[in-house]
1. State which residue is surrounded by the fewest Cβ atoms within 10 Å (Cβ to Cβ) when the search covers only region 1-19 and only residues that are among the small types (Gly, Ala, Ser) and free of Cβ contacts under 8 Å to residues at least 40 places away in the same chain.
2. Could you figure out which of (1) open to solvent by less than 60 Å² (accessible area, probe 1.4 Å); (2) part of a helix (DSSP H, G or I) isn't true of Ile57?
3. Pairs, please: C-beta under 7 Å, at least 6 apart or cross-chain, first residue within 18 Å of Phe82 (Cα to Cα) and in region 52-67, second part of a helix (DSSP H, G or I)?
Amino acid sequence: MFAFAVNEGDSKYLYPPIVGYLESIKFPANEKKAPCSAKSTGSMVADVHRTLLYGGIFGYPDDKKSKSGKLQLLYEAFPTFFLDRTEWWYRSYQIL
């Protein structure tokens, strides 16, 4: 079982393919497949960090309300990039 982190607070603005995908991982058609559990803290950097450590899916989809994107460069994009590069560096040199 793995977790997914997607802010579903504005799910009424999400596009139908994204809503369909989220429903398919929360309620799988195959009875033997375990459903995914939602683990969204509301902080993008914390969610990405947990996803890198424990596995899972992180999503930050665009929606009908925010067509030009939602990332804030200073508070979300730069710290996320730092975590991603640090994780890559540690895994490349097998320090973890």
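1. The selected residue is Gly9.
2. Single failed check for Ile57: (2).
3. Listed by first residue and then by second, the contacts come to Leu52/Leu83; Leu52/Glu87; Phe58/Asp47; Phe58/Val48; Phe58/Thr51; Tyr60/Met44.
For (1) more than 13 Å from Ala5 (Cα to Cα); (2) at pLDDT below 80; (3) assigned to a loop (DSSP other than H, G, I, E, B); (4) out of contact with any Asp or Glu (no Cβ under 7 Å at 6 or more places or on another chain), each residue gets a yes or a no:
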site: Val19; (1), (2), (3), (4): yes, no, no, yes
site: Ile25; (1), (2), (3), (4): no, no, no, yes
site: Ala34; (1), (2), (3), (4): yes, no, yes, yes
site: Thr51; (1), (2), (3), (4): no, no, no, yes
site: Lys65; (1), (2), (3), (4): yes, no, yes, no
site: Gly69; (1), (2), (3), (4): yes, yes, yes, no
site: Glu76; (1), (2), (3), (4): yes, yes, no, yes
site: Phe81; (1), (2), (3), (4): yes, no, no, yes
site: Glu87; (1), (2), (3), (4): yes, yes, no, yes
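The values are calculated or read from the model by the stated rules, or taken from the named source; none is laboratory data. Quick caveat: nothing in here was measured; it's all calculated off a predicted structure. Glycine gets a Cβ as well: all are built from the backbone with ideal geometry, and neighbour counts include every protein chain shown. Accessible surface is based on the protein model in full, side chains and every heavy atom, while ligands, DNA and RNA are left aside. Shrake-Rupley method; radii C 1.70, N 1.55, O 1.52, S 1.80 Å.
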